Amino acid sequence: MKRWNVFFAAAAVVSAVCALVAPAAFAGGPPPFVGAGGDHAVFVQTDDPAGNQVVAYSRAANGSLTAAGTYATGGLGGVLSGSVVDHLASQGSLAYDQRHALLYAVNAGSNSVSVFSVRGKRLTLNQVLSSGGAFPVSVAVQGDLVYVLNAENGGSVQGFAVLFDRLIPLAGSNRPLGLNPAASPQFVNTPGQVSFSPDGSQLIVTTKANGNDIDVFGVGFLGYLTPSPVVNAESGTVPFAISFDRSGSLVIAEAGTNALATFKLNHDRTITQIDSVPTGQAATCWVVAADGLFYASNAGSASLSGYQSGAGGQLTLLGATATDPGTVDAAASSDGRFLYVQTGALGIVDEFRVDGDGSLTEIGSVTVPGSVGGEGIVAF
């Protein structure tokens, strides 16, 4: 988009200043390189409080995974009070930036974000920097702009520019969400995800039970948000995870009603509900798109619920598929042929083939070391 090109030029000046005042921040490690991007790989975040890591897997032609390396993030994982299989209680804690071939990982326990260059199945750690708040849980990427969602102290979002394979904090971009910081337990009362609209003009945040709101900011010149969001109340639904269908309809996994819902995202930052279809399962919290299909993760039922989305945002439930215990975050390969699902009870990633009718065929599974309760997965 044109405004990101303007933003890139302006932020380059900031980058030059930062390079003068903080050269030691990156000293001692290997020099960064321009990443070539992921290729037939899956990356899984452990969220280990003793030391967060990203574990790389090679994806074979039949979709099966083979361990290909482990990379320390330089930060600590975190655990929200009350959580069991979902320590971050969020979606998007590991995010891929295709334009820059970068991978962003949150370190909730040390209030930081790690930036990796991606080349095939190999990662190079470029940077670890402050998330601009307390307990980061989700990352959104659009062009040269990144926003990080911080979950504690009432919640906030912080903006960054992407420059030379690093993130530069965007001064004055932090926006508080104003949620109740004392609401408990934390895992249902902290925000769930931050995401850009498909055209990049709006930024969406789900608040889960702390308001039952879908907050929508406008994204303006140089990537700055409107001072406050439009708060779209969805009473009792516990809006958790965010996706979009091919027509641009907003897709929300609702933990309070155990349903997948679609909405029209209006220009004035309000939303209009299109459809809502229950999963018939328990603790429906996460949702992933896979080549026109959607799969919702049901942590309480150890299952995935498949959906077909019509042109107008209407949903059709396709059925449920069993997983290992504690179904949480998931990712689809770039061609939509394979689905990989984190199951937090035992730290296992389940592997599935996506069949033509939307049904799932189990391929196998891998146990990710140190990842019980972990969240964050990216697939290529």
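Considering every residue within the range 57-65, establish whether at least one is more than 13 Å from S117 (Cβ to Cβ) and at pLDDT below 95. No, the range 57-65 has no match at all. Looking for something over 20 Å from F196 (Cβ atoms) and open to solvent by less than 20 Å² (accessible area, probe 1.4 Å) - is there at least one such residue anywhere in the range 312-322? The answer is yes; a qualifying residue exists.
Considering only residues that are touching a residue at least 24 places away in the same chain (Cβ under 8 Å) and within 17 Å of E234 (Cβ to Cβ), which ones fall in the range 181-193? Outline the logic, then answer.
Just the residues of the range 181-193 that are touching a residue at least 24 places away in the same chain (Cβ under 8 Å), to begin with: 181, 183-188, 190-193.
A183, V188, T190, P191, G192, Q193, listed by residue number.
In the range 319-356, how many are closer than 18 Å to Q45 by Cα and among the aromatic types (F, W, Y)? Here the count works out to 1.
Taking the range 140-150 as the region of interest, how many residues are open to solvent by 10 Å² or more (accessible area, probe 1.4 Å) and in a strand (DSSP E or B)?
Step one: of the range 140-150, the residues open to solvent by 10 Å² or more (accessible area, probe 1.4 Å) are 141-143.
After this cut, where a residue has to be in a strand (DSSP E or B) as well, the list is 141-142.
Result for the range 140-150: 2.
The set of residues in the range 232-268 that are on the phi < 0 side of the Ramachandran plot, among the aliphatic types (A, V, I, L, M) and crowded, with 18+ Cβ neighbours inside 10 Å comprises A241, I242, L250, V251, I252, A253, A255, A259, L260, A261, L265. Looking across the range 167-186, the residues that are over 23 Å from A89 (Cβ atoms) and in contact with a Ser or Thr (Cβ under 8 Å, 6 or more places away or on another chain) come down to I168, P169. Within the set L103, L125, L88, L129, the sole residue that is in contact with a Ser or Thr (Cβ under 9 Å, 6 or more places away or on another chain), aliphatic (A, V, I, L, M), within 14 Å of E375 (Cβ to Cβ) and modelled with pLDDT of 95 or more turns out to be L88.
Might you check whether a residue that is open to solvent by 10 Å² or more (accessible area, probe 1.4 Å) and in a loop (DSSP other than H, G, I, E, B) occurs anywhere in the range 360-367? No - not one qualifying residue is present in the range 360-367.
The number of residues in the range 158-185 being in a loop (DSSP other than H, G, I, E, B), surrounded by 18 or more Cβ atoms within 10 Å (Cβ to Cβ) and of a type in the set (G, A, S) comes to 1.
The values are calculated or read from the model by the stated rules, or taken from the named source; none is laboratory data. As the structure is a computational prediction, the values presented were derived from the model and not from experiment. No Cβ is skipped: glycine too gets one built from the backbone with ideal geometry, and neighbour counts run over all protein chains shown. All accessible areas refer to the heavy atoms of the entire protein, side chains included, with ligands and DNA or RNA removed. Shrake-Rupley method; radii C 1.70, N 1.55, O 1.52, S 1.80 Å.
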